[in-house]
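Notes follow once the structure below has been shown.
A short reminder: the numbers here are calculations on the coordinates, not readings from a lab. Being a predicted model, the structure only gives us computed values, none of them experimental. Heads up, the Cβs are rebuilt from the backbone with ideal geometry, glycines too, and the neighbour counts pull from every protein chain shown.
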Amino acid sequence: MSNAPFVRWLRDTSPYINAHRGKIFVISFGGETVADGLFANLAHDFALLHSLGVRLVLVHGIRPQVERRLTEQGATLRYHRGLRVTDAAALACVKEAAGAVRVEIEALLSMGLANSPMAGARIRVASGNFVVAKPLGVQDGIDFEHTGEVRRIDTEGIRSQLDSGNVVLLSPIGYSPTGEVFNLSAEEIATSAAVALGAHKLILLMEQALYGADGASLVQQITTGEAEALMTAPDSPVPDAVRPHLRAACLACEAGVERAHLLDRHIDGSLLQELFTRDGVGTLVSQTPYEATRTATSHDVAGILELIRPLEDSGILVPRSRERLETDIDDYFVTERDGLIVACAALHAYPEAGMGELACLAVQAGYRGAKRGERLLQHIEERARQQGIRQLFALTTRTSHWFRERGYVPLAIDAMPLERQQTYSPGRNSMVLAKTLRASSETGGP
Ligand SMILES: CC(C)(COP(=O)(O)OP(=O)(O)OC[C@H]1O[C@@H](n2cnc3c(N)ncnc32)[C@H](O)[C@@H]1OP(=O)(O)O)[C@@H](O)C(=O)NCCC(=O)NCCS
């Protein structure tokens, strides 16, 4: 039997594993999720993320568990603006439900059954008084009593737990400095924790997915500006069940969290698919567009090396040492997609000759054929123009036709800047191709 699909799958997955390692992810899920039969699978997926080095903060809800307790007591359920009014009876149910749900989650995360996918994985769960709360008070004449809002997140306490390798579990409860207990919304805690901790991702598991105006196609990516417009549109397609999550995602991204993901919790494995596959299965919310090309920084060195090493090994690119890459990093440009470097290229300038070299152009294997290479080339040509470069050249052994189809023509080796001629390797016998760049003012239409 061929192992090719497995090998390919593992290779495709490894860049994501590297990108996620050491990052803080805050994941929120409702009490419905815990009550569902699929929750054991989700708990295993949490364990898997933890074992891959993701620093996890889990935030759970308790709404159905509190409602069941209140109904059993014959008490009335009171809500205002989607938030529970927590009177003394409701607070007692909140405390009970939070304790019971927390224990259930801790038990599942402790499971070391031999036949479970995460057999042998030892996970320590830390929960406690990490959320400082204040009362919501009276709004529209309604006294919310023991319903509160987040006043502060004990980031130091949470970070020290994460640093010790623990998973942090937060219940929708907060404590005031006066010793009172408040019922909070899980989404608010998750958003506040993600912002306060500078999390890389806020992931919200919801009861249904977010579909676009046609009601059938999943919204895969959305910026915070587009999300606000979608929520306030006259015939907004955003259902009530999704609104608090989308709003939380926008708030978090506006406050500095890089990405928020909205996932349909009914899809088994949605968390793993979202985090380890190219297109995911949920909605990615970000403040800036999902994919963008920018100047590289020293933080990108590892990502660039990962992208170019296979091409160096197969002789397509000239090998570069990490030190050389670090020294030249200001010359590099990267295309980043959800934190992953999917393409790179460098522009080395020879100002005295009015020339520039386009080097190290590479697009990650699974992302080719979608004009990323061409867009990066245009980006670099534009930068070169801005730097006053009149001619851009590239050395290539196997990609000459790609450049020729984009206006590049052969150039004699001795027409390159003198310094570059001295480092030209005759053994490699690369072709030199060049394009004369016209200033932006010369390229414009009528
Ligand atoms: C060359 C490369 C950067 C193009 O990236 P990309 O994002 O796929 O580029 P685009 O989508 O803009 O262009 C794709 C087109 O180029 C073609 N193409 C890809 N590699 C090619 C090559 N070596 N020679 C000729 N054409 C090539 C594709 O077949 C496709 O053409 P089609 O749409 O007619 O089928 C990418 O294939 C790559 O990283 N290759 C390995 C590294 C490399 O060769 N770098 C250049 C070193 S000088």
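Observations on the structure shown:
- Filtered by the rule that a residue be assigned to a strand (DSSP E or B) and near the ligand (Cβ under 7 Å from one of its atoms), segment 351-374 gives L361, A362, V363.
- Checked against the criterion of being within 11 Å of the ligand (Cβ to nearest atom), in contact with a helix residue (DSSP H, G or I) (Cβ under 7 Å, 6 or more places away or on another chain) and under 18 Å from L317 (Cα atoms), the candidates L433, L377 yield just one match: L433.
- The residues of segment 371-389 that are surrounded by 12 or more Cβ atoms within 10 Å (Cβ to Cβ), without any contact (Cβ under 8 Å) to a residue 40 or more places away in the chain and more than 18 Å from T436 (Cβ to Cβ), listed by number, are R372, G373, E374.
- Within segment 380-427, the residues that satisfy the criterion of being near the ligand (Cβ under 8 Å from one of its atoms) and aromatic (F, W, Y) are W402, F403.
- Listed conditions (1) touching a Lys or Arg at 6+ places or on another chain (Cβ under 6 Å); (2) over 26 Å from T297 (Cβ atoms) are all met by E352, apart from (1).
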